[in-house]
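Colleague: Take this structure, written in structure tokens, and hold onto it; I'll ask about it next.
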Amino acid sequence: MSADKISSRVTAYACGKYRFYTVSGDRSKWLVGGVPEASEEYIREAAGADSIVLLTSRPEFSESLSEVLKVNPGIRVYASAAGLRNIKEILNTDGINERLIKDGAEEDGIRFIVTPGLCWMDSVMALTDGVLFSGEMFSGFDGSAAGLKRYYEENLAVNSGFVRAALGKLRGTEIKTVCPAYGLTCPQGSVCLSAEPDELAAKYREWSEPHRSERKRAAVIYASRYGYTRSMAEYAAELLSIGFDVDLLDARRTERSGLAAAAERADVLLIGTDTVNRNAPREIWETVTSLDTVNKRGMRCLVFGSYGWAGEGIKLIDSVLSSMGMRRAAKPVEALLKPSEKDLERLKKAVEAFLKE
């Protein structure tokens, strides 16, 4: 455990790699943030606090509230509307002294900023005297720039649209110190996330910038055990190259962050999958579950693949993409084992739907 004085009003505490903060407000004491397991230090600070701000209800940042309520049952709990709902479900109680955070509201010298999608939809930030409690944004710094980017790619890249929206809300705000929920803080005299908070914003702006090209972009992501689905993926990519810049990626040989990035910058998405034990392979499911289902809603997609018995994996992935709000370019293209000329012709007709658009 350690504590760093950030300013005359703000103190930062470490609980492993997680961070929480105390703020001496104009009228009362505040606890900002949560940790996976409430340490003695966290409980001690919570016992003497009047209010707690939960920047997200993600369990690793909110379950510690149950221990806080045991020592301080009347503490005021500040969170967004979605956050308050989730917290009560996580704790299985309505018995909290809840306070709704509204965007731009200010209380006791603390201004609140509602920033959904970072990475849960209930996320908020708080600002006091130039100190920004950024939650998961700008988190993950471990003494290297690589740690900062790794956290972004694993937790926030899929919601890059929300990252850009949050950066827009912060534009023009004087920020002297960034205090994230996870990783090293940036107090004066300690190891800093960046020489200046503006540099952090610049990095996030660069990472979250949408792909811009005169040509549309297609992502063809596949998993293939015997090479049959791979041959279909390569054929589809070749056809698409007439009108698209194409990312052709083997899900078993590409890092998950790379697959997510390709899907994020794509205008159309093609998923090729084998069927293993009546299911799609793990790597394909990981790709699908990493998709930004908000900003990618309505994107055109196509599922294809080779199978040996009934092709359940192909049907499952097609059904899930449809339930996410993506639009089929055509029915799934299935091939029994090695794709025939007829199978490839059906795939060609399906791909032509993208080219016609």
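The values are calculated or read from the model by the stated rules, or taken from the named source; none is laboratory data. Computed from a predicted structure; not experimentally measured. Cβ: placed from backbone, ideal geometry, glycine included. Neighbour counts: every protein chain shown.
Colleague: Assess whether Ala46 counts as being among the aliphatic types (A, V, I, L, M), assigned by TED's automatic domain parsing to the domain that holds Met137, at pLDDT below 95 and more than 25 Å from Glu153 (Cα to Cα).
Modeller: So Ala46 does not fit the description; no.
Colleague: Check segment 312-326 and report whether any residue there is in contact (Cβ under 8 Å) with a residue 40 or more places away in the chain, among the β-branched types (Val, Ile, Thr) and not in a helix (DSSP H, G or I).
Modeller: No: segment 312-326 contains no residue that is in contact (Cβ under 8 Å) with a residue 40 or more places away in the chain, among the β-branched types (Val, Ile, Thr) and not in a helix (DSSP H, G or I).
Colleague: For segment 52-66, enumerate the residues that are among the polar types (S, T, N, Q) and surrounded by 24 or more Cβ atoms within 10 Å (Cβ to Cβ). Spell out the reasoning first.
Modeller: Quick first cut of segment 52-66, residues among the polar types (S, T, N, Q) only: 56-57, 62, 64, 66.
Of everything in segment 52-66, those that are among the polar types (S, T, N, Q) and surrounded by 24 or more Cβ atoms within 10 Å (Cβ to Cβ) turn out to be Thr56, Ser57, Ser62, Ser64.
Colleague: Among (1) part of a helix (DSSP H, G or I); (2) surrounded by 18 or more Cβ atoms within 10 Å (Cβ to Cβ); (3) of a type in the set (Gly, Ala, Ser), where does Gly272 come up short?
Modeller: With respect to (1) part of a helix (DSSP H, G or I); (2) surrounded by 18 or more Cβ atoms within 10 Å (Cβ to Cβ); (3) of a type in the set (Gly, Ala, Ser), Gly272 is out only on (1).
Colleague: Being surrounded by fewer than 20 Cβ atoms within 10 Å (Cβ to Cβ), among the basic types (Lys, Arg), touching a residue at least 12 places away in the same chain (Cβ under 8 Å) and assigned to a helix (DSSP H, G or I) is true for just one of Arg217, Arg205. Which residue is that?
Modeller: One residue alone meets the criteria, Arg205.
Colleague: Find the residue count for segment 278-293, including only residues that are without any contact (Cβ under 8 Å) to a residue 40 or more places away in the chain and part of a loop (DSSP other than H, G, I, E, B).
Modeller: Qualifying residue count, segment 278-293: 2.
Colleague: Can we say Ser257 is hydroxyl-bearing (Ser, Thr, Tyr) and either part of a helix (DSSP H, G or I) or within 27 Å of the chain's Cα centre (by Cα) (or both)? Write out each step before concluding.
Modeller: Values: hydroxyl-bearing (Ser, Thr, Tyr): yes; either part of a helix (DSSP H, G or I) or within 27 Å of the chain's Cα centre (by Cα) (or both): yes.
It is true that Ser257 is hydroxyl-bearing (Ser, Thr, Tyr) and either part of a helix (DSSP H, G or I) or within 27 Å of the chain's Cα centre (by Cα) (or both).
Colleague: Still on this structure, please answer the following. Tell me whether segment 309-318 contains one or more residues that are aromatic (Phe, Trp, Tyr) and surrounded by 15 or more Cβ atoms within 10 Å (Cβ to Cβ).
Modeller: No: segment 309-318 contains no residue that is aromatic (Phe, Trp, Tyr) and surrounded by 15 or more Cβ atoms within 10 Å (Cβ to Cβ).
Colleague: For the structure I just gave you, tell me whether Asp103 is surrounded by fewer than 23 Cβ atoms within 10 Å (Cβ to Cβ), farther than 21 Å from Val10 by Cβ, among the charged types (D, E, K, R) and modelled with pLDDT of 90 or more.
Modeller: yes
Colleague: Then there is this: Can you pull out every residue in segment 117-165 that is surrounded by 21 or more Cβ atoms within 10 Å (Cβ to Cβ), part of a helix (DSSP H, G or I), free of Cβ contacts under 8 Å to residues at least 60 places away in the same chain and of a type outside the set (A, V, I, L, M, F, W, C)?
Modeller: Residues satisfying the conditions are Tyr151, Tyr152.
Colleague: Based on this model, can you work out whether Leu69 counts as farther than 21 Å from Ser134 by Cα and either surrounded by fewer than 18 Cβ atoms within 10 Å (Cβ to Cβ) or out of contact with any Gly (no Cβ under 6 Å at 6 or more places or on another chain) (or both)?
Modeller: yes
Colleague: Moving on. For segment 327-357, which residues satisfy the criterion of being assigned to a helix (DSSP H, G or I) and touching a Gly at 6+ places or on another chain (Cβ under 8 Å)?
Modeller: Phe354, Leu355
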